[in-house]
Structure formats: structure tokens, C-alpha cells
There are 4 protein chains.
Amino acid sequence: MVHALLTNAPGGGIDYRDVIIEEEEHDLVLSPLYTGICGTDRGIVNGSLNFAKNPEKSDYLVLGHESVCVVRDSSNSQFKEGDLVVPLVRRPGNCPNCLIGRQDNCSDGNKKEAGVTGKHGFMRSRFNEDSQFVVRIDDPYMEKISVLTEPLKNVVKGFEVIETISKRSVYAGADSSFTNKNCVVIGTGTEAFLYGIMSSEYGFNTALTNRHPLSREKMDLISDFSLNFFDYSTDIAYPFKSEIDLVIDTSGDPATVLKFLRLMNYNGIFLFFGTNGKAPASSINGNDIDHIVERNITIAGSVDAAKVHYIRAVKYLKRWFKSLPVESIITGEYRPEYTEIFKKKPEDEIKSVIKWGE
Amino acid sequence: MVHALLTNAPGGGIDYRDVIIEEEEHDLVLSPLYTGICGTDRGIVNGSLNFAKNPEKSDYLVLGHESVCVVRDSSNSQFKEGDLVVPLVRRPGNCPNCLIGRQDNCSDGNKKEAGVTGKHGFMRSRFNEDSQFVVRIDDPYMEKISVLTEPLKNVVKGFEVIETISKRSVYAGADSSFTNKNCVVIGTGTEAFLYGIMSSEYGFNTALTNRHPLSREKMDLISDFSLNFFDYSTDIAYPFKSEIDLVIDTSGDPATVLKFLRLMNYNGIFLFFGTNGKAPASSINGNDIDHIVERNITIAGSVDAAKVHYIRAVKYLKRWFKSLPVESIITGEYRPEYTEIFKKKPEDEIKSVIKWGE
Amino acid sequence: MVHALLTNAPGGGIDYRDVIIEEEEHDLVLSPLYTGICGTDRGIVNGSLNFAKNPEKSDYLVLGHESVCVVRDSSNSQFKEGDLVVPLVRRPGNCPNCLIGRQDNCSDGNKKEAGVTGKHGFMRSRFNEDSQFVVRIDDPYMEKISVLTEPLKNVVKGFEVIETISKRSVYAGADSSFTNKNCVVIGTGTEAFLYGIMSSEYGFNTALTNRHPLSREKMDLISDFSLNFFDYSTDIAYPFKSEIDLVIDTSGDPATVLKFLRLMNYNGIFLFFGTNGKAPASSINGNDIDHIVERNITIAGSVDAAKVHYIRAVKYLKRWFKSLPVESIITGEYRPEYTEIFKKKPEDEIKSVIKWGE
Amino acid sequence: MVHALLTNAPGGGIDYRDVIIEEEEHDLVLSPLYTGICGTDRGIVNGSLNFAKNPEKSDYLVLGHESVCVVRDSSNSQFKEGDLVVPLVRRPGNCPNCLIGRQDNCSDGNKKEAGVTGKHGFMRSRFNEDSQFVVRIDDPYMEKISVLTEPLKNVVKGFEVIETISKRSVYAGADSSFTNKNCVVIGTGTEAFLYGIMSSEYGFNTALTNRHPLSREKMDLISDFSLNFFDYSTDIAYPFKSEIDLVIDTSGDPATVLKFLRLMNYNGIFLFFGTNGKAPASSINGNDIDHIVERNITIAGSVDAAKVHYIRAVKYLKRWFKSLPVESIITGEYRPEYTEIFKKKPEDEIKSVIKWGE
């Protein structure tokens, strides 16, 4: 018997209760220390994600795909009780990408996603896990911060995609660097902050944007991370002297996406990361297509990430942890009993997490 | 004094008359043998391309960017009278891409395009040309067919872009090939046929599509090139058993583009090539963005091509010429005096060309 | 019972006799029409290839990895009696490369090679074959020429490797093309000619080289393929004005390889394709390493190829067949009874083939 | 008049004296705070680098290509007195790579190198510098450590080369990561340590190696950086269970390079970074070439790096500085007067630096 946060996909709902889950045997037994809550979780709970799915023969779905866990028991000599690990979200099917550990690029949709599609998630007091699908956190001081591994791994993959695409032309400036290249990240949530920090690591002039001003706290964080911010609902705010070379969208909102598409520079790259199936439609016209063609612009959707990206995300977190206030991205900590957190986003939330245990 | 086909950009109009053009000295003097007419030429003539531009200090623009020419005079020992050449459309500015011969990827818009933006084109009885901006046709039997070099070079570059982007995942099938991968080319004009032939060379199952049925003649060509065709305005026609892995658009029409975007497979690549600034707008919604994200789809605009692509286009034409009826793509031949050809597209045209000379 | 050309690997020997071979069931039954003989076959026969291996539990090995076959029987609706096919040499193991059809890049050596390591080859009057490991020849006129598919597929992969590596810098000239780039292919056998033709397709100035002059017939072929030749044992012969940007070795001879390494240009790429385990050693010194480092030179070994390369090889052969005398590469045709052909290379051989049948 | 460390290239010698140097005007005046000494400096001083060259019309060469400097005067509003900067070593010529800021990949050898070929170096009390050839150090605490920017930028480029080459096959393991991939770095000097740290960042199991045991101090550093070490002159030491997937050589020694080449795994990558023109020759045989071919091994020379790599090197230093004892790589600090440091390498040196100023 475990305590678990349950929903009934795709209908939705949220319940924290005891349940007996039949599980496959695996070489690890894990308990979550922290689990993160993101838009996907809230979408499942409010019933708006129609691709969410209970596991086969189950009439509920355990939520949770962002987590850091502690090893409770291990039959694998490489892991011992007390070790910290982050489990992967996606589990492979049989397509060529899944066969080489790239289920993030699954070619046929037959992968599974813990806490989302067809596989119970990590928001339960204990579960079995296959050690090939976890990455290790070797620094105990990173216990809390490493709950950001999962959102950050998306960013690591996103930049892998950007690097691949950028090879189609000389994307850097005449001095080989990105010193005079501009990046705008649409959104001001967890992924937006993490994409912004990474863009800045790559050397882009980087700004986050949203359709409203930010609180004092968020503006301070923007500044701590050496980023810029502008409110795109007003005209005066755009901070750069030239057009945008890289846009990263975390909103999924068609009108916003089109607005920034029209501001893109020659050879510009637009990464679509955010999704919002219920966002209002917007109108794309012949000149938009012309703009994409005449400027050799590339738009790339990017979802999830592979184990290699989790591992790099852990390395980034480890370094950033010592020099940047990344822990401030975690703006709220809640108990699993407090299921309201799935229904209403706290004002000024960047990342809310659930603290498990004891 | 030369005979030339003139317009007044961006207002439009068409006139065939004698004119004295002050030119820079160059090492070659060329005369066109054939010049091709495409949608861009007609767009300039009817005044719908607002980026078209007369050369500085000129109150007219000589049309023409697709041509095969004969050398009339040469001060360069590598070329002699009678040699056949195809001149390049774009001339470089000073951005990093232009500096390495990749003005097709110009980073700042400061390149020029013969017959389109700021530089007189090739539809005049004689002009000076810099030998570094021509490619040679070494087979005299290719005199006529080589007018397709310019449209084909776009296709060669387009597939270079596709190859670069495809590296973001395992794009081929589990047997390493494209035998079970599907390509749809939207359109049935010159570029659509050439993209279709190339897609088939790469091994994709390939279909052209349009919103109406094709004439007997075009259907025969489709068959000669081992391609498929379907009329997308009816429902029954789609020839493949699975979704589309590669879509190449030559229409520039938002509604059509969105229709096929929604049919794209995981890891699909959509090449935007066609432009039509006057096409009616269409509505893109949250689910479309979701589809792009969740399936790791990439959309890439691609315009023009570099000298290396012209050279490869000549090689392809040379090989295809002996085994495929590529000359049938040229469906009409006109005299320069017949300026009506710029105003009205002949029924069933694939490529109309102007025959110069004598 | 089949007639087969047998050896006993790795000891060697050659015998043409009747033998009963227990085979797995597969959906195709094939008979060879032509099989090619290469240095590997002769190496196995004279016992100099110590990696050659009989199939498990067999005390002989059927030779033959280059072939074109006719379908004798098929339980697969996609193939019918009389169809022409070329079977693949390598069969996958379980490494990540093998799992995606890239057994040419096998990560652990657990693939098998027909006629070479652990799997009977194609020099037998009839054998079962799995249709997923054949490529189709759809033009009956290509019956003989398509025995070159196997050697040519190596070239297609070789250039894939070259293209990947060339992305580490601007490899093309300032005009984006290879017009002023030089390629030397070491050797004058089948692979050397095929690499030379392909290099010329890519636009390199291309020369084949050997340590002796060539016969009239070979020199005529060199000229037919628009290639150059020089005898590197004399000093006067090098045909280019600058250093070499691409060297492709088909000799496997250390002294020759080092000689040309020292002539390589900045950013040069050296493809190692030929092998000769018994070649005399040669001396590499500190300046050679310095030359590789200071000039950013890359040396890449390349072996075998994947199904996608076989398919492209067929396309190339089909085009070349109509415009180049590629059939002249086949310099001799023998009966399977004539086993001497495995022991002594005919003077002036490029490719010797065995004609099967009746 | 400035104090400078002078040699007379390529003959050699070392002198610290006052000298009047005619300089071009530039927007910055710099003074070094620290300059690093490497094998190249010692090679120039002892006259063994025959490519070293005085500037045109100069009968001496100011040494020094590794430095961190302070801005003394600036006519550029982006820089002010007191700012810390690292100047670039190479200055571009006119080849395609130089034109896009990639003089590290210079196509024709017409670039210049400060302190090495044709341009005075940074070991002088004051010099003019063009701001486009410096990168900024924005953290005053990095004053000393940032003298490692120059050696580290080579590592950043080296891994860019490795990433490009690794695309020729599936280079990662079946789980997409490098967890089971082994890297050996040959050497135990500055570059070896920096390559080792970076290899570990990428996730390789990493070992440094040399032909002798290391001191207690160096072994402690090895351990601090989570690296392994083995003495390859003894047989028992190799720490991995499988062959080597990545070898990085900093020795330039042919015999050592060949030793490790023979231990390379399928699809292995061997980066040649070290040079030693005077190293004894070694013998490469047919089986070595066979090994490279049959295993699809790639060997890549890599020299210098571009501005983008300097910028990333600064970012890495900034992060590592807080979590790793990178400053311990600097094992000795000397005054410019102590010219003996150019003649004799201190026992147990990793990096010796000269402290300038006052």
C-alpha cells in the first residue's frame, strides 16, 4: 500500500489516498523526496489534455513526472540505500529512435510517459524502478535543486536541436560568436527561466518576455541571471537594436508565436516548446510564409529529452548551483495532502514542488 | 544598345524595346539563348512583389533570372566564344554568409538579385558578366534543358537543408533507407516536378498534389518520373498507407500548408519554398502548435541556392537528360516580342521559356 | 544440392563442387547471375585474411559478397520470379548501430558478413534470402552492370563520411564550390575508379594515382570519366597547382598513405578505405603528427555501407549507365569452374566477374 | 618603451629588456597581469620550432600567447580602464574560414599568431590591441584563473570537432549517454587536465595517462577532478573494462599515439592535439590501417580555437572555479625577470605563469 496522488485520465480530477498498485519487479525501490508540478499536471487534473491515459487495465493514473527520489532498496550493486536519483519520464517502444535510447524522438508514438500516458508517475510514496531509467545525483546538497533536472533536460535537448539546425548556414556572427545575436524566450515560468539561463550560457543577448509586467521578485531573478525582460503588450520595451535570431516559445499561444515570428532575423531559429491546445487560434497569412522562406527561417518543435540530456542537466545544475540563485526558481513547497495546488497556480509561481516523506 | 524586356519595379508593367544600359566592365560578354519565366517574373510585371527594385539610379529593371547564355566575348582564358554558361541570380553583400559564397543564406538582406532586386536581369540581347558568377554547361546537347539549372538549383539546396535538419533524430527507417517514408510535394509547376524527381532519387515514396485533377499530359509526365499524384480537394486520393515524413510546399498558400502540416508524421520535415504574399490567410490553433511540438516536427524556409548547387544541378540535369523526359517540363517556347506570356499563364504550363537569338 | 565456390576460412583454398547446405527458411530463393571478385575474395583464398571465418558448425565457407541475383521463388508478394536483386553483405547484431540498420557502423563487431565472416556467401547456384536484406534492380538492362552495386555502395557511404567530417570547417572554396579543390584517389582498381567518378560528381578536380604507368585501355577509361592520372613513382606527374584537399586510399599501404598525407592541404580529409594487412610498415614521425594538428586534417576509416547506400548506388549506376562507359570497368567474365581467377589477378584487371547460370 | 620578453625566431633565445615597439593604433591599450608559459614558448626559445617567425621588418619577436590583461586606456565606450580581458592569439587572413572569424581553421596558412608567427606576443608591459580580438572577464575574482582561458579554449574547440565527427555513426551508448564510454587523455600537463575535466563533463569515464607514475600532488588533483590515471609503461594499469572510444593526445609522440590507436574501439575518435616535431619516429603497419578502416575510426588534428570558444572557455572557468580546484592547475608563479623558466620546466609543473605589474 502506498500514498499516491491519483487522477483518472483523460477525464481528470485529483485525489491523495492509499492505494495498492501491482508493479513489475525492478532492481530499485524508490521514494520521492520532491516532485515538481507543471502545466501538464494541471492540464491532466482539469481534464484538458486528451492524450493523457491511464495505464492498461488501471482505472486511475498516478501523477508526477518531475522528481528527485531516494533509493529505499536496491538489488543492483551500483546503487545503495540512500542514493539520490532522478527517474526518466519516457520509456521506449520499438521504433528506431527508441531502440537507441532516443524515445524523446519516438518515431511512432508507442513510447510511454510516466504520470502522463499509460504509465504511473512518481507521486506515490514508493515504487519499483529499473535502474537503466534513472540518473544519479552524487551531491547530497543538490537534493532539492535536482527536482529541476527534469525541466532542465528539456532545455538541454532544445539546444541540441538548435545546434543541429544552425548548421544550415553561418549562424554565428562574423567573429564566430553570438555576442551580437539576440534571443527572446516567450514566457516567464520555469522552462522560460531555464531556457533563458542556457541561452545566456551560449552567449546570446537574452530577454524573457510576457504580456504583463513582472513582480519585483521575478525582476530581481531576471537580473540575477543576467537576463533582460520586456512586456510585449506595450510597444516601447524591446531591448535589442536588431531583430531576433533565436526565439524560444514556452506559451504555445498562436498569436504570440506569430507576433515574434514576424520579428525574426535572417537565418533565425524558432523553437516551439510550450503547448496549449486550448489557446485561441490566430491568423497566418501569405506574407508570414514569405518571411519564413525569404529569410531561411527554421521552426522546430521539441519535446522531452533523452538520458544523455538528464545527465548534462545534472552537470549544469551542479555548476549553476554554486554561482547562480537557481534554487530561487522553486517558489513554493507543499505537502502532498494539499491537492489545491493542482487546481490553482499560486500568484507569482515559478516552480511549485511537493515535499514528500516523514 | 540592346533589346531588353523591361519593367518598372515595384510598380510593374512589361515592355520589349531597345535601351542603352551603362554597365560595369567584366571578363565575359553574354547573350541569352533561353530564359525561363516563373511566378516571380509575373509577380513583378503585375506589380504584386513589393520587394522588387530597380537598380540604383535606374528608372527600369531588366527582367530575367533563369537563363542559359552563350559567351560572345571573353577576356578570360578559361572561357571562349561559343561556350555555354548559366549566370547566378544572387550577388553577395558583406555578411558572413555572402563572404563565403553563400549569398543564398545572406544574413542581412544586402545581396542583390538579377532581374528582381537592384540588378538588371538576363532578358536582354547582350550583357557583361563576371566569370566568377557563372557555371559552365559543357554538353552542347544541353543547350535548351540547361535553362532548368536555375529552378533545379533551388531543389538541390532544399535537400541540403532537409539533410541538415534530418540529423536531429533517426529520420530514416529501421533499415536505414527511405523506402517506407512518404513525401508530398504541394504544387504541379516546374519546381514541384523537380522537387518530386529529387525526392524520388533520395528514395522517398513521392506524390505531387494540387487542388484539381491534372491533364492527361501532366499525368503522363507524373508517371514517366515514377511519381504519384492526388487531388487534395477530394478525400479519396491520398496514396500512402502512413503519414507524411516530408512535405515540400511550392504554393505559399497558408490553408494548404496547414492542411498538410496536420498530416505530418513524427520527426517530419516541412520545407517551405513557394511564396504568395497575396494568398488568403488561414487559422493556426493551439493543437497545430501542439502537433509540431509533440512530434518534433521541423519547418524550414528555403530560398535561392549557392554556386555549388548550380554546379550539382547541371550534373543532375546531365544524368537525368539521358534517362528521364525532363525536357518535357518545358511546355512552351516563345519569342521575346510576345510579352503577353508575362501576363497570362498558358493552360497546362509547366515551364514557359523565351528563345532568344538570331 | 547446389554448386558452390568453397574455401575453408581462415586457412584458404578454393574448390568448386556440389554441396548440401542446411539453410534457414526465408521468403526469397535466389540464384546469382553475376558475382564479382575482389581483393577480399583472393585474400581469403590465399589464407591471408585472418578475420575470415566459416559459419558456426560448418567446415567450409561459400565465397562471394558482390552479386546480382535473380529471384527463383518468392513467398513475398512484393517480389516475383525473375526479379533482379542485389543482396546485402552485412547482417546486423544487437548494437545501437545494427538496431537502426547501420551494421556498417557496427559498434561491437557482432555483425556477420556473407562470404567473409560467419555466413555463407553468394557464389552458389541457389540460396534462401530474407527480402529485407536485398535491394531491387528495376531495369533489366542493368543485369550485368548492377554487379557493381556492392563496390559502389562503399563509395556512397565514403562520401557520406566525408560530408559529415567536412562540416568541421568551411571546406568548400570561397565561391561555395569544389571547383578549385583537388582530390587524389590512390589505386586504379574498381573502387578507385568508382571513388574517382563520384569525386568528380561532387565537383573536385580528381586524379587517380598508382606507382606505375597505366595501359592504353585504362588511360582511355580515365579520360572517358573526365579524370586525371599520375604515376606517383616519378616526380613530374602531379597534375594540380595546389595541395590536396581530399585523399581517398584504396591501397592500404602505409608508405603510400604517408606520402600523400604529407601533401595534404589545410582542413584536408583523408579517407582510408583499402586494407592490406601484409603491406610493409612505414615510419611516421613527429612532423607528420604536427602536420595533421596544425592543418586541422582529418583521417577517417570507412568500411562497408548500409541499405540506403545500396539503394543510392543503384540510382547512380542507372544514371551513369546512360552517360558514362561504366560497364568497361568489368574487364573480364569467367565461368565458376575457372577457379584460377581467385589465385591470379589478370593483367589489367579492373573488375573480374563470374557469370553464373543455365 | 616597454619591458618585454624577447626571442629571435626561429633561432631562439630569451631576453627580458626594454624595447621600443612601433605599433598600429587600436582602441585599447593593455597590460598583462598574468601570462602563461607552454611548450610552444619553450620550443621557440630553444629554437626547435621552425615555423616561429619574427614580425615583418623586426629582428625579434615578443613572446607570449596565453594571457589575462587589464585595460590601461580605451577609446571604445564598451571598455574602460581596469577591465579584464583575454586577447586572442590568431589574427585572420583572407581565406573563407578567416573571413567568418574561424582563423583557427585558416585554409591557407595566412593567419598570424601573437607570440609565435609574425606578430608580437603579450609578454610586454603594455601594447595596443583591437577590441574585436579580446574577450572580457567580468568577474574580478577570476583575475588569475582566467590565464587558463587560452589553453581551455583549445579544449572547447577540440570537443566541437569531436561532436561533429561523432555524427558519422551512433557514437553514444544504447541509452543515449556516454556512461559506458571510455576516454583516455595522453599526457598530464595543463591541456591534458583541461581535456580530462571536459571529457568528464561530457560524461565519459576518463583517465589521464603517462609513461611514469605521478607525484602525490598530481594524483590528488586527478582525484579532485574525478578522473583516473594510469601509467602506460606498466601493463597492469588500464582502468576500463572495454576498449577506448575517445583518445585525446597532448604528447605528439608517434609511438604513444600508435600504442593507443591499437586499443581503440569501433567508431572510436582520436583527437591529435599535441605536437612534438622532434619526437622519435615510429612504425605504422598494414594492420594499423586495417584497424582504422574496419572499425570506422576517425583521427582528427585540432589546433587553436575561435572567439566563440574563448567565450565559452570563460563561462566554463567561471562555473568550475566555484566547484573544482582548477586554480591548482597553476603550479608556479614567476617574475618576468626569471627567464630560466623558459629553459627548464620545473619538476611537477602543470602550468607556470608569469605575474606582471607594479
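Things to note:
- Student exercise, the range A:193-244 dipole from Lys, Arg, Asp, Glu Cβ charges, in Debye to nearest 20: 80 debye
- Summarising the strand pairing of the protein assembly as shown, around 55 percent of its internal DSSP beta bridges are antiparallel.
- Net charge, residue D:91 excluded, C-beta distance under 10 Å - Lys, Arg +1, Asp, Glu -1: +2
- For residue C:248, distant residues with modelled amide H under 5 Å away: C:184, C:185, C:186, C:271
- Other residues whose C-beta falls under 11 angstrom from the C-beta of residue B:154 contribute a net charge of -4, scoring Lys and Arg +1 and Asp and Glu -1.
- Our analysis of the protein assembly as shown gives Rg over Rh at 0.96, with the two radii drawn from alpha carbon positions and Rh computed by the Kirkwood formula.
- Across the cross-link table entries A:57/C:111; A:157/D:153; A:167/D:241; A:351/D:241, which are compared at the Cα atoms, the separations over 31 Å belong to A:57/C:111; A:167/D:241; A:351/D:241.
- Lys, Arg +1 and Asp, Glu -1 on Cβ, resulting dipole of chain D about Cα centre, debye, nearest 20: 440 debye
- Number of partner chain Cβ atoms within 10 Å, mean per residue of B:100-111: 6
- Relative to one another, the C-alpha centroids of the range D:78-124 and the range C:310-358 are positioned 54 Å apart.
- Inter-chain Cβ neighbour count for D:276-283, averaged per residue, equals 6 (cutoff 10 Å, partner chain atoms only).
- Hydrodynamic radius of the range B:122-176 by the Kirkwood approach over all distinct alpha-carbon pairs: 14.8 Å.
- Simple Cβ-charge dipole of the protein assembly as shown, Lys/Arg +1 and Asp/Glu -1, about Cα centre, in debye nearest 20: 0 debye
- Our summary gives chain B a relative contact order of 18 percent, counting only alpha carbon pairs under 8 angstrom and 6 or more residues apart.
- Amide H contacts for residue D:229 (H built 1.01 Å from N in the peptide plane; partners 5 or more residues away or on another chain; cut-off under 5 Å): D:208.
- Of all beta bridges that DSSP places with both ends in chain B, some 55 percent have antiparallel geometry.
- GluC sites (Glu not before Pro) lying in DSSP loop within the range C:48-97, provided at most 11 other Cβ fall within 10 Å: C:56, C:81
- Residue-by-residue Karplus 3J(HN,Hα) for the range A:238-249, coefficients 6.51, -1.76, 1.60, Hz, glycine and proline x: 3, x, 9, 8, 9, 6, 9, 8, 9, 10, 10, 9
- Shielding score for D:261-269, defined as the mean number of other chain Cβ atoms within 10 Å: 2
- Across the range B:58-67, coupling constants 3J(HN,Hα) worked out from phi with the 6.51/-1.76/1.60 Karplus curve, θ = phi - 60°, read 10, 9, 8, 10, 6, 6, x, 10, 9, 7 Hz, and Gly and Pro carry x.
- Under 5 Å, built H, 5+ apart or other chain: amide partners of residue B:350: B:331
- Trypsin sites (Lys or Arg not before Pro) within the range D:1-103, DSSP loop, no more than 13 other Cβ atoms inside 10 Å: D:57, D:80
- Between residue A:167 and residue A:19, the simple spin-label model (points 7 angstrom out along Cα→Cβ) gives 4.4 nm.
- Per-residue 3J(HN,Hα) values for the range C:68-80, derived from phi via the Karplus relation 6.51 cos²θ - 1.76 cosθ + 1.60 with θ = phi - 60°, read 10, 10, 10, 6, 8, 7, 8, 9, 10, 5, 7, 10, 9 Hz in sequence order (x marks Gly and Pro).
Here, each number is a calculation from the coordinates, and none is a lab measurement. Every value quoted in this text rests on a predicted model; they were computed, and no experiment measured them. Note that we place each Cβ from the backbone using ideal geometry, even for glycine, and neighbour counts take in every protein chain shown.
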